[in-house]
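The values are calculated or read from the model by the stated rules, or taken from the named source; none is laboratory data. Computed from a predicted structure; not experimentally measured. All Cβ positions, glycine included, derive from the backbone under ideal geometry; neighbour counts span all protein chains shown.
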Amino acid sequence: MVQSSVLGFPRMGVLRDLKKANEAYWADKISQEALLEEGKRLRLAHWKIQKDAGVDIIPSNDFAHYDHVLDHIQFFNAVPERYTKQKLSPLDEYFAMGRGHQKGGVDVPALEMVKWFDSNYHYVKPTLQDNQTFSLAENPKPVREFLEAKEAGIITRPVLVGPVSFLALGKADRGSSVNPISLLDKLVPVYVELLKALKAAGAENVQIDEPTLVFDLAPEVKAAFKPAYEAFAAAGDAIPSLVVATYFGDIVHNFDVLPAFSAAKGIHVDLVRNPEQLEPVIKQLGPSQILSAGVVDGRNIWKNDFAKSLDLLQTAIKALGEDRVIVATSSSLLHTPHTLASEKKLPTDVYEWFSFASEKVKEVAILAKAVTNPEAVRAELDANAAAIKARAESTRTNDPKVKERQAAVTPEQHNRKSGFDTRYAQQKKHLSLPLFPTTTIGSFPQTSEIRVQRNKFTKGEISAEEYDNFIKKEIDLAVSIQDELDLDVYVHGEPERNDMVQYFGERLNGYVFTTHAWVQSYGSRCVRPPIIVGDISRPAPMTVKESKYAASISKKPMKGMLTGPVTCLRWSFPRVDVHQSVQCQQLALALRDEVVDLEANGIYVIQVDEPALREGLPLRKGSERDAYLEWAVNSFKLATAGVEDSTQIHSHFCYSEFQDFFHAIAALDADVLSIENSKSDAKLLKVFIDEAYPRHIGPGVYDIHSPRVPAEEEFKQRIEEMLEFLRPEQLWINPDCGLKTRKWDEVKGALTHMVNAAKYFREKYANKA
Ligand SMILES: CN1c2c(nc(N)[nH]c2=O)NC[C@@H]1CNc1ccc(C(=O)N[C@@H](CCC(=O)N[C@@H](CCC(=O)N[C@@H](CCC(=O)O)C(=O)O)C(=O)O)C(=O)O)cc1
Ligand SMILES: N[C@@H](CCS)C(=O)O
Ligand SMILES: [Zn+2]
């Protein structure tokens with residue numbers, strides 16, 4: 001019998017229940033017990049959804065209150081001493097690592113949080129010491145949650161991040177130089193202990209995720225699989241059977257690693273991303289190994305094309321037989337919203353095109369039946385075929401005017417009028433900025449009052465005029481606070497935006513939106529990606545009204561704030577019927593019009609955020625990566641190059657890993673870049689010297705993800721470190737990212753210290769001159 005399997009389910013719940021519970025706990029509004037109880041309720045609800053859908057293999061330990069990698073850090077007792085020594089409760093220690101802790105005399109920053117592969121989910125990086133040890137926490141979470149499900153009558157397959165990926169996704173702590181993978185010998189026995197405990201609890205199978213297998217691996221990482229999985233093999237029946245899961249890419253280039261998994265029961269591969277790996281993978285499997293075929297997309301919301309999936313599954317069954325094939329989601333469903341059933345406002349034709357997590361689990365179960373007995377699910381197969389056909393034939397998707405404009409794009413439209421030196425000379429005169437100019441990245445606190453007013457406006461409870469007046473008052477407040485703080489380049493604070501991508505999606509043709517389709521981005525923070533269903537165009541200006549108003553009341557330059565084409569694309573659910581480069585160019589043309597309109601309305605500093613540029617980079621080096629960079633960079637340039645030399649183009653990236661695509665960042669030709677840097681080593685900035693980067697840079701001087709307010713001295717120290725790598729005249733002083741998630745008192749406190757630190761250096765260098 002062909003079994004069905006889900007690699008992971010979204011954690012937030014139907015109404016973002018987990019977000020609400022976590023945030024209530026952080027605000028001291030509910031007790032620890034109440035929060036843990038809510039977690040338990042959600043886990044049970046999610047297992048039940050999968051069971052009711054008929055899924056055979058249901059995951060556990062996929063739930064996390066903040067992040068699943070952070071869970072591993074804690075249950076392997078890999079918590080850095082700066083947290084353990086605070087003697088917080090396990091839950092508070094866990095959140096302290098996730099989001100920092102500044103309360104009751106404890107002041108400890110968060111661990112670094114970075115992108116999970118090429119997704120918009122963020123994980124907490126294991127941060128390891130030279131003298132790192134590991135041990136298994138008492139009553140470890142995977143065992144607890146397995147037993148919890150068992151008690152509810154559901155035998156689950158626990159999910160663990162595998163030892164090689166756990167280490168390879170980690171880093172040495174500041175002050176340590178350990179190569180994480182060298183810690184394998186110490187970590188593997190603890191995995192064995194955990195696996196034994198799972199077996200003792202009744203787990204017959206474990207899903208062990210080794211997604212790093214889709215990367216080009218360093219030799220020492222590649223070599224680590226053998227000893228790790230040999231140790232598991234040596235444990236024999238004392239541990240559950242293992243299914244090694246990979247996703248978000250193909251593993252063909254790492255086939256030489258597969259013998260390491262010869263004792264594993266099966267291998268899971270992502271056949272949505274790389275269907276062509278099916279046949280080569282089949283050939284690599286051991287004589288009785290199972291193939292877990294990831295055919296239901298864990299990263300997008302389109303209804304599965306059953307006919308296409310069944311083709312792949314038939315190929316697998318023909319080669320392996322029914323008992324050696326599992327129908328699975330391509331990855332965890334963490335990256336998809338909870339249920340389509342909550343969407344009451346989608347156009348009816350479009351509604352039929354989608355499938356969210358709760359629907360995808362049904363798809364997996366239907367496919368598992370259909371592959372051997374299509375008649376048993378004939379109605380479902382017919383309905384699916386009809387929906388796929390309706391979408392393929394829909395007139396929503398095609399706008400000839402957009403196509404005409406794309407066909408007329410010229411190479412010249414991608415370039416600014418002059419080189420940076422000429423532009424900068426004009427900008428300097430025009431904007432009269434001091435040395436070490438201070439600015440912020442765009443958003444100011446999205447207070448609950450802002451959200452409530454927007455919600456009232458959306459529901460028609462207040463008029464457009466009332467809402468506009470409210471937004472104007474928020475902009476007044478943002479400007480007056482920046483006056484007080486004495487910043488140099490102002491922002492309007494983005495109070496009118498629900499999200500930096502959704503906001504633009506809502507103003508562009510070619511998109512549809514949801515009301516409840518939340519996806520976890522990090523911790524308790526969620527996003528509601530708009531969905532691209534057709535050719536994209538801009539019916540009217542999107543940001544001019546607010547930026548123009550803000551500039552009219554500001555005594556300093558006001559920065560216009562746009563989300564770049566690549567980020568709009570990446571943080572939407574894109575179409576799968578048209579290449580992403582085409583969608584991106586359509587977005588670029590729409591944004592180009594906006595940039596030009598902002599300039600025409602007196603906005604002479606324009607920031608076009610591209611935080612998703614790095615995330616979109618294909619995970620492996622090679623021609624695919626080169627092709628991506630070419631169209632992504634061209635889209636940014638097309639969006640921004642329509643302005644005069646005297647207008648300063650900024651761009652923002654909230655990550656610090658530039659090493660492998662520095663040339664692309666440089667090719668954007670932005671006058672000023674702001675990047676994340678506060679939680680990574682300032683040494684990463686060395687690439688800017690090595691590559692003789694000529695333009696201006698603002699490496700973030702503080703972590704905005706944490707409520708913690710750093711002391712002025714910390715800012716000075718950070719700037720001092722940056723000056724080892726950047727010239728004073730090219731250095732801007734700004735936070736890592738926007739401040740929408742912070743409270744005003746945190747923002748005022750941190751920015752006061754930041755501006756004071758900038759002034760200190762301004763004075764110091766003025767005296768030197
Ligand atoms: C910069 N980041 C972003 C990423 N992706 C994006 N799409 N957007 C980003 O900004 N990826 C990388 C990083 C990740 N960082 C963040 C940071 C912050 C958030 C965040 O704050 N998310 C909010 C939701 C934002 C939103 O859409 N708000 C809406 C709806 C607000 C709401 O909840 N309304 C209530 C009713 C009102 C009330 O009573 O409060 C409701 O609908 O029930 C809005 O403001 O209108 C979050 O809360 O998680 C995400 C990623
Ligand atoms: N302008 C946006 C960028 C976030 S990446 C903000 O400030 O929130
Ligand atoms: Zn950012």
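If you filter the range 550-570 down to residues that are of a type outside the set (A, V, I, L, M, F, W, C), touching a helix residue (DSSP H, G or I) at 6+ places or on another chain (Cβ under 6 Å) and away from ligand 1 (no atom under 16 Å from the Cβ), you find that the one that is nearest to residue 477 (Cα to Cα) is 554. Residue 299 meets the conditions (1) within 26 Å of the chain's Cα centre (by Cα); (2) outside any loop (DSSP other than H, G, I, E, B) in every case but one. The failed one is (2).
Against the numbered list (1) more than 30 Å from residue 97 (Cα to Cα); (2) free of Cβ contacts under 8 Å to residues at least 12 places away in the same chain; (3) within 31 Å of the chain's Cα centre (by Cα), residue 454 comes up short only at (2). Whether any residue in the range 335-352 is charged (D, E, K, R) and under 23 Å from residue 57 (Cα atoms) is what I want to check. The answer is no, given that none of the residues of the range 335-352 is charged (D, E, K, R) and under 23 Å from residue 57 (Cα atoms).
Please go through the range 592-620 and pick out each residue that is of a type in the set (A, V, I, L, M) and within 16 Å of ligand 1 (Cβ to nearest atom). Matches in the range 592-620: 608, 612, 613, 617.
Within the range 527-545, the residues that satisfy the criterion of being within 19 Å of the chain's Cα centre (by Cα) and either within 16 Å of ligand 3 (Cβ to nearest atom) or farther than 19 Å from residue 452 by Cα (or both) are 527, 529, 530, 531, 532. Taken over the range 1-49, the criterion of being of a type in the set (Val, Ile, Thr) and within 24 Å of residue 160 (Cβ to Cβ) is satisfied by 6, 49. Mind checking whether some residue in the range 582-595 is at pLDDT 95 or above, more than 16 Å from ligand 2 (Cβ to nearest atom) and either among the acidic types (Asp, Glu) or over 22 Å from residue 503 (Cβ atoms) (or both)? Within the range 582-595, one or more residues are at pLDDT 95 or above, more than 16 Å from ligand 2 (Cβ to nearest atom) and either among the acidic types (Asp, Glu) or over 22 Å from residue 503 (Cβ atoms) (or both). Taking the range 356-444 and the helices (runs of 4 or more DSSP H) fully enclosed by it, the elements with 3 or more residues that are over 30 Å from residue 764 (Cα atoms), touching a residue at least 24 places away in the same chain (Cβ under 8 Å) and not charged (D, E, K, R) are at 357-370, 378-393. Residues in the range 26-56 that are crowded, with 22+ Cβ neighbours inside 10 Å and either of a type in the set (A, V, I, L, M, F, W, C) or more than 26 Å from residue 208 (Cα to Cα) (or both): 47, 55.
For the range 3-44, a residue qualifies if it is basic (Lys, Arg) and either in a helix (DSSP H, G or I) or more than 15 Å from residue 61 (Cβ to Cβ) (or both), and the qualifying residues are 16, 19, 20, 29, 40, 41, 43.
Of all residues in the range 689-714, those satisfying the criterion of being touching a helix residue (DSSP H, G or I) at 6+ places or on another chain (Cβ under 7 Å) and closer than 21 Å to residue 96 by Cα are 701, 702, 705, 706, 707, 709, 710, 711. Could you go through the range 637-647 and let me know if any residue there is modelled with pLDDT of 95 or more and within 16 Å of ligand 1 (Cβ to nearest atom). No: zero hits. Given the conditions (1) within 29 Å of the chain's Cα centre (by Cα); (2) surrounded by fewer than 15 Cβ atoms within 10 Å (Cβ to Cβ); (3) not hydrophobic (A, V, I, L, M, F, W, C), report the number of the one that residue 695 does not fulfil. Every condition holds for residue 695 apart from (2). Considering only the range 424-440, I want to know if a residue exists there that is polar (S, T, N, Q), over 28 Å from residue 633 (Cβ atoms), within 16 Å of ligand 2 (Cβ to nearest atom) and touching a helix residue (DSSP H, G or I) at 6+ places or on another chain (Cβ under 9 Å). Checking the range 424-440: at least one residue is polar (S, T, N, Q), over 28 Å from residue 633 (Cβ atoms), within 16 Å of ligand 2 (Cβ to nearest atom) and touching a helix residue (DSSP H, G or I) at 6+ places or on another chain (Cβ under 9 Å). A count restricted to the range 4-51 and to residues that are acidic (Asp, Glu) and either touching a residue at least 40 places away in the same chain (Cβ under 8 Å) or in contact with a Ser or Thr (Cβ under 7 Å, 6 or more places away or on another chain) (or both) stands at 1. Being away from ligand 1 (no atom under 12 Å from the Cβ), more than 21 Å from residue 450 (Cα to Cα) and surrounded by fewer than 21 Cβ atoms within 10 Å (Cβ to Cβ) is a property that does not hold for residue 476.
This table checks each residue for (1) among the basic types (Lys, Arg); (2) within 16 Å of ligand 3 (Cβ to nearest atom); (3) under 23 Å from residue 331 (Cβ atoms).
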| position | (1), (2), (3) |
| --- | --- |
| 11 | yes, no, yes |
| 24 | no, no, no |
| 34 | no, no, no |
| 42 | no, no, yes |
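You will find that of 88, 136, the residue that is crowded, with 18+ Cβ neighbours inside 10 Å, hydrophobic (A, V, I, L, M, F, W, C) and in contact (Cβ under 8 Å) with a residue 24 or more places away in the chain is 136 and no other. Against the criterion of being more than 16 Å from ligand 1 (Cβ to nearest atom) and either surrounded by 22 or more Cβ atoms within 10 Å (Cβ to Cβ) or under 19 Å from residue 64 (Cβ atoms) (or both), residue 112 does not qualify.
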